Amino acid sequence: MPAPVRGRTRSGGTPPVTDKPIVWQHDATFVLAATGSAVGLGNIWRFPYVLAEHGGGAFLLLYLLMVAVMCVPLMLAEAAVGRAGRGSPMASIKAVAERAGTFPHWRWVGALGILTGFVILGFYSVVGGWSMAYSWYALTGAAQQTDVAAAQQQFASLTGGSLLAEGAWLLAFVAACGLIIGAGIVKGIERSIKVMMPALFVLLLFLVVNSLVVGDAAAASAYLFSFDFSKLGWDAVLAAMGQAFFSLSLGMGALMMYGAYMPETLSLRRAVLLVATLDTSVAVLSGLAIFPIVFAMGMDPGSGGPSLVFVTMTLVFGKLPLGWLVAVAFFFLLLLAAVSSAISLMEPVVAFITESTRLRQLRESAQGLRREGTLAVSLSVAVVALFCAHYGGFFDLLDQLSANYMLPTGGLLVAVFVGFYATKPVEESIPSLPEGAWRTAWLLLLRYLVPLGILAIFLGGLLG
Ligand code: PHE
C-alpha cells in the first residue's frame, strides 16, 4: 500500500479541495504558541505556592528532574503524534494508530485528553477571572493593600462573596478565550500569540529585575536554592510530577494539537527542548519575581496557599516603591499567561467538534462548525467554572485530580502507545531526531522510565 500523503488522502479517493492541513504561517509560531500554553497560571500562581507548601529548594530539584527525564521525552512524543496525525488529539491518535496497523481504539486516549482539558478549563477559568479582576483592581489602585485584613477581605469578597461578581469575571475570561479560538487557528491563535508572548516576557523581565533590586534576593535564593530533603515525602514526589505535567501542558493533547499545525520542515526536537527550557525558566523567574519582595516585606510565602499571589502580593505592592506600576505589570502578566494557556486547553475540544461536524462532501460545510463549536464549549466551560467558583471543594478536587492523576495517566498511555505500538509512524515525523544514542535514550525513557515512573509514583502516593 502506498504511504498516504499526510493530511490529504487519509481514507483514499479524491481529497476535497479544503482538506489540506492548516499549518502555522510563521516558523516561530509553534514555539511561541506552545510556550504560551506552557507558561501560565501554573508557573506564576500554582508553582510558587506548591513549592512553598513543600518547603522550597528540594522540591525545585525534584521538579527539574521530572521535567528532564519524564516530561521532555513525552513532549516530543506528543507533538510528533500531532504532526503525524494532523487533527484533534482523538483524530491524530487514530490516524497514527491506523498507519501503525494497531488498534484504532487508542483514540480514546485522545478523548481522555480532551476531557482533561475541559476539566482543567473549569477551575482555570475561575483563576483566570480572578486575574482579570485583579488587573482591573491594579489599574484603579485597589491592588495595593496596607492592611492584612483588608487584603484578605478583598479576595474573600471576590471569591466567596456574591457569585455575581466572580461569575462576571470568569465569564469575561471565558469570552475572551472563546473570541480568540472562534476567530480561527491563524487569525485567532497565531495572531494573538504573536502579541501576547513578547508582552509577557517584557513584563516578566521588568518584574524580576525590579524584585531583585528592591527585594531581598539573598533570602529568596536561600529559599529557592537550598535543599532540605527531610521535607520530601511521596506527596511531594506526586506533587512535583503533577506540577511538571501541568506546567508543561503535558498529557492532555495541547502539544499534540499545536504540533498538528506545525510545518513539516521544522525541527521538532529543538522546538520541544526550547519550550521546556522556556517554561522552566519562567517558573524559576516568577519565583524570583515574587519571593524577593515577599521576604523583603517580611511576609511568609507558605502561609497563603492558592491566595499567595492574590493576597500576599497585594500587601507587598502596598509597601513597595512604584507599587502601582509593579501591581499593574504583575496582574497583566498573570492575565496574559492565563489567556495564552486557556486557549490551548480550549482548542483541542473545539477542533474535535469542528472535525466531527465537517462534512467532507459538501463544499460549504467543509470548514466544520468552528464558531458554533466554540460557543458551545465556552458555555459549557462557563457552567463548570461557575460550579467551581461556588463550591471551593469542587475547585480543589478538579485541580488535584487533573494535575496529579489525569495528566500523568494521559502521559502514561501516550508513552505506551508511542513507545510500543506506533513508534515507526511517530518517529517519521521527527526527522530531526538523530539516530544512535539520542534515539535509543528517547525510546528507553518512553518505554520504561516514563510509564514505570508514573505508576510507581501513583502507587507510592496511594501507599505512602
Ligand atoms: N501549562 C498551563 C499552565 O502552566 C496549564 C495547562 C495545562 C495548559 C494543561 C494546557 C494543558 O498554566
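Each residue in segment 21-61 was checked for being out of contact with any helix residue (DSSP H, G or I) (no Cβ under 8 Å at 6 or more places or on another chain) and either surrounded by 22 or more Cβ atoms within 10 Å (Cβ to Cβ) or in a helix (DSSP H, G or I) (or both), and 1 of them qualify.
In the set Glu347, Glu372, only one residue is within 13 Å of the ligand (Cβ to nearest atom), charged (D, E, K, R) and part of a helix (DSSP H, G or I); that residue is Glu347. Within segment 57-73, the only residue that satisfies the criterion of being within 13 Å of the ligand (Cβ to nearest atom) and aliphatic (A, V, I, L, M) is Val67.
For residues that are among the hydroxyl-bearing types (Ser, Thr, Tyr) and under 17 Å from Leu278 (Cβ atoms), scanning just segment 31-56, find the one that is farthest from the ligand (Cβ to nearest atom). By that ranking, first place goes to Thr35. Regarding Pro306, is this residue under 29 Å from Glu78 (Cβ atoms) and modelled with pLDDT under 90? When the stated conditions are applied, Pro306 passes them.
For Ala342, the test of being closer than 19 Å to Met252 by Cβ, in a helix (DSSP H, G or I), in contact with a Ser or Thr (Cβ under 6 Å, 6 or more places away or on another chain) and within 16 Å of the ligand (Cβ to nearest atom) is failed. If we keep just the residues of segment 389-415 that are surrounded by fewer than 24 Cβ atoms within 10 Å (Cβ to Cβ) and more than 16 Å from the ligand (Cβ to nearest atom), which is modelled with the lowest pLDDT? By that ranking, first place goes to Gly392.
The residue pairs whose first member lies in segment 341-353 and is within 21 Å of Leu200 (Cα to Cα) and in contact (Cβ under 8 Å) with a residue 24 or more places away in the chain, whose second member is away from the ligand (no atom under 14 Å from the Cβ) and part of a helix (DSSP H, G or I), and whose beta carbons are closer than 7 Å, counting only pairs six or more residues apart or on different chains, are Ile343/Ile180; Met346/Val377.
Note on segment 432-460: among residues that are touching a Ser or Thr at 6+ places or on another chain (Cβ under 8 Å) and touching a residue at least 40 places away in the same chain (Cβ under 8 Å), the one that is nearest to Gly411 (Cα to Cα) is Ile454. When Leu204 is tested against (1) within 23 Å of Met346 (Cβ to Cβ); (2) surrounded by 20 or more Cβ atoms within 10 Å (Cβ to Cβ); (3) under 19 Å from the mean Cα position of the chain (by Cα), only condition (1) is not met.
Exactly one residue out of Leu179, Leu171 is more than 16 Å from the ligand (Cβ to nearest atom), surrounded by fewer than 24 Cβ atoms within 10 Å (Cβ to Cβ), touching a residue at least 24 places away in the same chain (Cβ under 8 Å) and under 19 Å from Val377 (Cα atoms): that is Leu171.
Thr277 meets each of the listed conditions (1) within 16 Å of the ligand (Cβ to nearest atom); (2) of a type in the set (S, T, N, Q); (3) surrounded by 23 or more Cβ atoms within 10 Å (Cβ to Cβ) apart from (3).
Do we find that Ala283 is part of a helix (DSSP H, G or I) and under 14 Å from the mean Cα position of the chain (by Cα) in this structure? Considered against the rule, which asks whether it is part of a helix (DSSP H, G or I) and under 14 Å from the mean Cα position of the chain (by Cα), Ala283 comes out as yes. Within segment 40-53, residues that are touching a residue at least 24 places away in the same chain (Cβ under 8 Å) reach partners that are within 13 Å of the ligand (Cβ to nearest atom) and among the aromatic types (Phe, Trp, Tyr) with beta carbons closer than 6 Å, at six or more positions or on different chains, in the pairs Gly42/Phe246. The set of residues in segment 220-267 that are small (Gly, Ala, Ser), more than 14 Å from the ligand (Cβ to nearest atom), under 23 Å from Ala289 (Cβ atoms) and in a loop (DSSP other than H, G, I, E, B) contains only Ser226. For first residues located in segment 138-154 and at positive phi, partners that are surrounded by 12 or more Cβ atoms within 10 Å (Cβ to Cβ) and part of a helix (DSSP H, G or I) and lie 6+ apart or on another chain with Cβ distances below 7 Å form the pairs Gly141/Trp324.
Quick check on this structure: which one of Ile185, Ile114 is surrounded by 15 or more Cβ atoms within 10 Å (Cβ to Cβ) and within 15 Å of the ligand (Cβ to nearest atom)? When all the criteria are applied, what remains is Ile114. Out of Phe295, Phe310, Phe291, report the one residue that is farther than 23 Å from Thr116 by Cβ, crowded, with 23+ Cβ neighbours inside 10 Å, away from the ligand (no atom under 16 Å from the Cβ) and in contact (Cβ under 8 Å) with a residue 40 or more places away in the chain. Sole residue among the options that is farther than 23 Å from Thr116 by Cβ, crowded, with 23+ Cβ neighbours inside 10 Å, away from the ligand (no atom under 16 Å from the Cβ) and in contact (Cβ under 8 Å) with a residue 40 or more places away in the chain: Phe291. For first residues located in segment 234-254 and crowded, with 24+ Cβ neighbours inside 10 Å, partners that are of a type in the set (Val, Ile, Thr) and part of a loop (DSSP other than H, G, I, E, B) and lie 6+ apart or on another chain with Cβ distances below 9 Å form the pairs Ser247/Val39.
The combined condition, being farther than 30 Å from Gly393 by Cβ, away from the ligand (no atom under 15 Å from the Cβ) and without any contact (Cβ under 8 Å) to a residue 40 or more places away in the chain, is not fulfilled by Arg83. Among the residues of segment 392-418, the one identified as touching a Leu at 6+ places or on another chain (Cβ under 9 Å) and without any contact (Cβ under 8 Å) to a residue 40 or more places away in the chain is Val416.
Set side by side, the residues Phe352, Phe317 differ, and just one is surrounded by 22 or more Cβ atoms within 10 Å (Cβ to Cβ), within 16 Å of the ligand (Cβ to nearest atom) and modelled with pLDDT under 95, which is Phe352.
The values are calculated or read from the model by the stated rules, or taken from the named source; none is laboratory data. None of these values were measured; they are calculated from a predicted model. Backbone-built Cβ (ideal geometry, glycine too); neighbour counts: all protein chains shown.
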